[in-house]
Amino acid sequence: MHYWLMKSEPDVFSWDDLVKKGKAEWDGVRNHQAQLNMKAMKKGDLSFFYHSNIGLEAVGVMEIVEEAAPDSTDDSGKWIAVHVAARDKLAKPVTLKAMKADPKLADMAMLRQSRLSVSPVSEAEFRHILALSNR
């Protein structure tokens, strides 16, 4: 199993939106590195749902339920998307500030490449963020 962090602006698509839908296409990703990360995702992998721009915090855990396929929002056929399902809301959101201040997360990809919307998370980082959320 692999772990990820996927960012969404909550005023565009929030954790609550995903919960209401149950399952959704994670579309609109137009960065090559983020695309490579999504192509590496396998069914059953877990990802943090991270509210970017507003909130700046991990708020939930999603499961990858469908692997890479053409992005329905892309007419060029160049980009892919995955499908995700809401799994668990974090008991307490874990903020970017808390992540940056924690030495156990110093090597986290999202902190080194902050503009990347889809990034890998190690198993140790994943478990540590869950612990920070008091889950």
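The values are calculated or read from the model by the stated rules, or taken from the named source; none is laboratory data. Worth saying up front: this structure is predicted, and the values here are computed from it rather than measured. With ideal geometry, Cβ positions are generated from the backbone for all residues, glycine too; neighbour counts draw on all protein chains shown. Areas reflect the complete protein model, heavy atoms only, side chains present, ligands, DNA and RNA absent. Shrake-Rupley method; radii C 1.70, N 1.55, O 1.52, S 1.80 Å.
Couple of notes before you dig in:
- Scanning region 1-43 for residues that are open to solvent by less than 20 Å² (accessible area, probe 1.4 Å) and either more than 23 Å from residue 111 (Cβ to Cβ) or in a loop (DSSP other than H, G, I, E, B) (or both) gives 14, 18, 24, 29, 41.
- Within region 20-45, residues that are under 18 Å from residue 76 (Cα atoms) reach partners that are of a type in the set (Val, Ile, Thr) and surrounded by fewer than 17 Cβ atoms within 10 Å (Cβ to Cβ) with beta carbons closer than 9 Å, at six or more positions or on different chains, in the pairs 25/73; 27/73; 28/12; 28/73.
- For residue 50, the conditions (1) open to solvent by less than 10 Å² (accessible area, probe 1.4 Å); (2) within 18 Å of residue 133 (Cβ to Cβ); (3) without any contact (Cβ under 8 Å) to a residue 60 or more places away in the chain all hold with the exception of (3).
- Residues located in region 79-105, provided they are closer than 14 Å to residue 41 by Cβ, surrounded by fewer than 20 Cβ atoms within 10 Å (Cβ to Cβ) and among the aliphatic types (A, V, I, L, M): 80, 85
- Qualifying residue in region 55-72 (condition: open to solvent by 30 Å² or more (accessible area, probe 1.4 Å), free of Cβ contacts under 8 Å to residues at least 12 places away in the same chain, in a strand (DSSP E or B) and more than 14 Å from residue 121 (Cα to Cα)): yes
- From the list 76, 117, 122, the lone residue that is under 24 Å from residue 42 (Cβ atoms) and surrounded by fewer than 16 Cβ atoms within 10 Å (Cβ to Cβ) is 122.
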